[in-house]
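The values are calculated or read from the model by the stated rules, or taken from the named source; none is laboratory data. Keep in mind it's a predicted model, so treat the numbers as computed, not measured. Reconstructed Cβ throughout: ideal geometry from the backbone, glycine too, with neighbour counts over all protein chains shown. Side chains included, ligands, DNA and RNA excluded: accessible areas come from the protein's heavy atoms. Shrake-Rupley method; radii C 1.70, N 1.55, O 1.52, S 1.80 Å.
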Amino acid sequence: MDRSREIGAVILDLDGVITDTAEYHFHAWQRVAEEEGITFTREDNEALRGVSRRQSLELLLGEHIERYGEDTLEEIMDRKNRYYRNSLEQITPADFLEGAPALLAAIRSRGLKMAIGSASKNTRIVLQRLGIIEAFDVIADGYSVERTKPAPDLFLYAAEQMGVRPGQCIVIEDAASGVTAALAAEMVAVGVGPEERVGHAHYRYDTIAAVDLDEILDDLAQ
Ligand code: BG6
Ligand code: MG
């Protein structure tokens, strides 16, 4: 990693970084899997973090996908989204992950730009429910680019929209695919979660509350 860079922006993933919607995605997929008679565990779900709805379905079905026609696949995705959307109704401005508001405040107080970079097509709804849709300079979501994580496109799009170079961006991610995307974009990757999931990031913390922006910026400034 080129350390002689001036950081200008932070791009945050949404699900599993700002709020615990990763858990709601899991429960919605688990319900669908049960209905389809497919075993789907919390461990299996790790591979779905950060990836699009369509790719998630393909991972969930595995070889069973051959049983289904395109119309049924669409129906299953709609059903999962309905379950997920129902769970979003519970979200209020109290539903930040611990440490997320403080992290957003720290980013702002450092004068950095701030974007959301999420594969979700429900990004705006979640941000609205949390009451922070106005807080971001740019919202890059499931509608912004064709190729989703682990491709770098979504983060590159966010950087371009903020008017900063990719090398000036820090990405905060809870998904293996998101960390890979950040590395592919040649950004500074901060992983949140266990070593086996996000250990390939430049920096790793167990939780959002543990992310130390000053530590990262000081380290990068050396
Ligand atoms: C990502 C989540 O942010 O968005 C994935 O980590 C999810 O779990 C993906 O599948 C797509 O979300 P949606 O809301 O468009 O189905
Ligand atoms: Mg995530």
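So in the range 146-163, with the set limited to residues that are of a type in the set (A, V, I, L, M), within 16 Å of ligand 2 (Cβ to nearest atom) and assigned to a helix (DSSP H, G or I), which one is nearest to Asp219 (Cα to Cα)? Only one residue tops the list, namely Ala158. Per the listing Ile133, Ile172, the residue uniquely β-branched (Val, Ile, Thr) and without any contact (Cβ under 8 Å) to a residue 12 or more places away in the chain is Ile133.
Which one of these is open to solvent by less than 60 Å² (accessible area, probe 1.4 Å), away from ligand 2 (no atom under 16 Å from the Cβ) and not assigned by TED's automatic domain parsing to the domain that holds Asp44: Pro101, Pro166, Pro194? Pro166 is the lone residue from the list that is open to solvent by less than 60 Å² (accessible area, probe 1.4 Å), away from ligand 2 (no atom under 16 Å from the Cβ) and not assigned by TED's automatic domain parsing to the domain that holds Asp44. Look at (1) under 15 Å from the mean Cα position of the chain (by Cα); (2) surrounded by fewer than 24 Cβ atoms within 10 Å (Cβ to Cβ); (3) not in a loop (DSSP other than H, G, I, E, B) and you find that Val171 fails only one, number (2).
A count restricted to the range 18-40 and to residues that are more than 10 Å from ligand 1 (Cβ to nearest atom), of a type in the set (Ser, Thr, Tyr) and over 22 Å from Glu66 (Cβ atoms) stands at 1. Tallying residues that are surrounded by fewer than 20 Cβ atoms within 10 Å (Cβ to Cβ) and either under 17 Å from Ala201 (Cβ atoms) or of a type in the set (S, T, N, Q) (or both) within the range 152-163 yields 1. Within the range 184-201, residues that are on the phi < 0 side of the Ramachandran plot have Cβ atoms under 8 Å from residues that are of a type outside the set (A, V, I, L, M) and in a helix (DSSP H, G or I) in these pairs: Ala185/Phe155; Ala185/Pro166; Met187/Phe155; Met187/Pro166; Met187/Gly167; Gly191/Arg197; Arg197/Glu46; His200/Thr180, counting only partners at least 6 apart in sequence or on another chain. Of all residues in the range 95-129, those that are among the hydrophobic types (A, V, I, L, M, F, W, C) and in contact with a Phe, Trp or Tyr (Cβ under 8 Å, 6 or more places away or on another chain) total 4. Against the condition in contact with a Leu (Cβ under 9 Å, 6 or more places away or on another chain), of a type in the set (A, V, I, L, M, F, W, C) and in contact (Cβ under 8 Å) with a residue 24 or more places away in the chain, how does Ile76 come out, does it pass? Yes. So, Ile76, is that one more than 30 Å from Glu134 (Cα to Cα) and either part of a helix (DSSP H, G or I) or within 11 Å of ligand 1 (Cβ to nearest atom) (or both) or not? Here the answer is yes, as Ile76 does meet what is asked. Of the numbered criteria (1) more than 16 Å from ligand 2 (Cβ to nearest atom); (2) assigned to a helix (DSSP H, G or I); (3) surrounded by 14 or more Cβ atoms within 10 Å (Cβ to Cβ), the one Phe40 fails is (2).
Just one of (1) open to solvent by less than 20 Å² (accessible area, probe 1.4 Å); (2) in contact (Cβ under 8 Å) with a residue 24 or more places away in the chain; (3) within 14 Å of ligand 2 (Cβ to nearest atom) fails for Leu48. It is (2).
A single entry from Arg31, Arg53 fulfils the requirement of being touching a residue at least 40 places away in the same chain (Cβ under 8 Å) and open to solvent by 90 Å² or more (accessible area, probe 1.4 Å): Arg31.
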